[in-house]
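Notes follow once the structure below has been shown.
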Amino acid sequence: MTAHLKSLHIYPVKSCHRVDLESAELEPWGLAGDRRWLVTDAAGRLRTQRELPRMALIRPAYTEGNGLRLTAPGMPDLILPPVSRAAGAAEATVTVWRFTGPAAAAGSEADAWVTDFLGLPSRLVRMDDTGARPTDPDYSRAEDRVSFADGYPLLLASASSLAALSDWIVEMGGEPVPMTRFRPNLVVEGTEPWAEDGWKRVSIGGQRFRVVKRCDRCVMTTVDPELGRFAGQQPLKALRKHRREDKAVYFAVNLIPDTVGALRVGAEFEVID
């Protein structure tokens with residue numbers, strides 16, 4: 001089998017449900033529309049599924065003109081026009097890990113919606129169209145940028161590595177977990193299990209990427225994204241047994257794009273070095 005891009009995913013609102021795509025535009029800070037929105041607490045600090053697995057039940061969808069629709073169980077649809085400071089939105093100060101900076105406030109109706117669904121005072125904000133954060137300087141260049149993703153523009157996962165991990169989970173008496181637990185942007189098929197650990201540069205459909213580090217995994221991988229709740233100890237238990245190093249466990253790799261343009265499911269995947 002020729003190695004290829006099996007699937008493409010974005011997460012318009014950080015820590016909320018995914019959107020599956022057949023094609024996407026690659027921008028310097030990741031896939032267009034990925035993690036441009038953020039839910040925060042009342043003080044502007046990010047909220048995530050680590051503490052609120054219910055966030056997985058919030059399903060975002062982009063509307064015409066870069067607006068946003070949110071749906072969730074038991075809630076009326078929330079439909080938002082494009083939000084930006086240039087268009088008059090109030091400025092909000094947000095904190096995402098070590099970064100603190102400005103974002104556009106979605107407004108009181110949006111804040112009330114996420115507060116009602118999550119049961120905690122919350123706000124919804126958007127990164128402006130031209131906005132971006134610095135990437136983690138430990139593994140990147142000074143000019144590299146990211147949206148509201150944790151540290152890097154893209155996460156790439158291998159279907160064969162998931163199959164190997166699922167075998168380990170079954171050996172431990174558990175049920176295989178789907179790739180959705182790991183929230184990748186790019187899933188490749190046709191490579192050897194765990195080969196991604198050694199990749200330095202890769203190409204997908206002619207677009208080039210640096211592979212900057214393996215991704216260390218947290219408790220969010222134990223959230224069932226369809227149920228919005230924690231669902232046992234897997235896959236972390238198997239990862240701790242087989243993929244542990246320096247007190248961290250690893251699955252998938254972080255990428256930084258060196259080119260921009262179109263990506264499409266089925267595109268050829270190539271390891272450059």
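Bear in mind these aren't lab numbers, they're just calculated from the coordinates by the rules spelled out. Worth saying up front: this structure is predicted, and the values here are computed from it rather than measured. All Cβ positions, even for glycine, are placed from backbone atoms using ideal geometry, and neighbour counts span all protein chains on display.
In table form, for the structure just shown:
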| item | result |
| --- | --- |
| Selection of trypsin sites (Lys or Arg not before Pro), segment 151-250, meeting DSSP coil and at most 11 other Cβ within 10 Å | LYS200, LYS247 |
| Sparse-neighbour loop sites [trypsin sites (Lys or Arg not before Pro); segment 90-153; at most 14 other C-beta within 10 Å; DSSP] | ARG98, ARG141 |
| CD proxy at 222 nm, helix term only [per DSSP H run n ≥ 4: -39500 (n - 2.57); per residue of the chain; nearest 500] | -3500 deg cm²/dmol |
| Flagged links, alpha-carbon separation over 26 Å, of LYS200/LYS247; LYS6/LYS241; LYS200/LYS237 | LYS6/LYS241; LYS200/LYS237 |
| Two-decimal Rg to Rh for the chain - Kirkwood Rh, Cα set | 0.96 |
| Among 77-84, 147-154, 33-40, the order from most to least packed when residues are scored by Cβ within 10 Å on average | 33-40, 147-154, 77-84 |
| Centroid-to-centroid separation of segment 5-74 and segment 115-160 [C-alpha atoms, Å] | 10 Å |
| Mean separation of Cα contacts under 8 Å, 6 or more apart, over the residue count of the chain: relative contact order % | 25 percent |
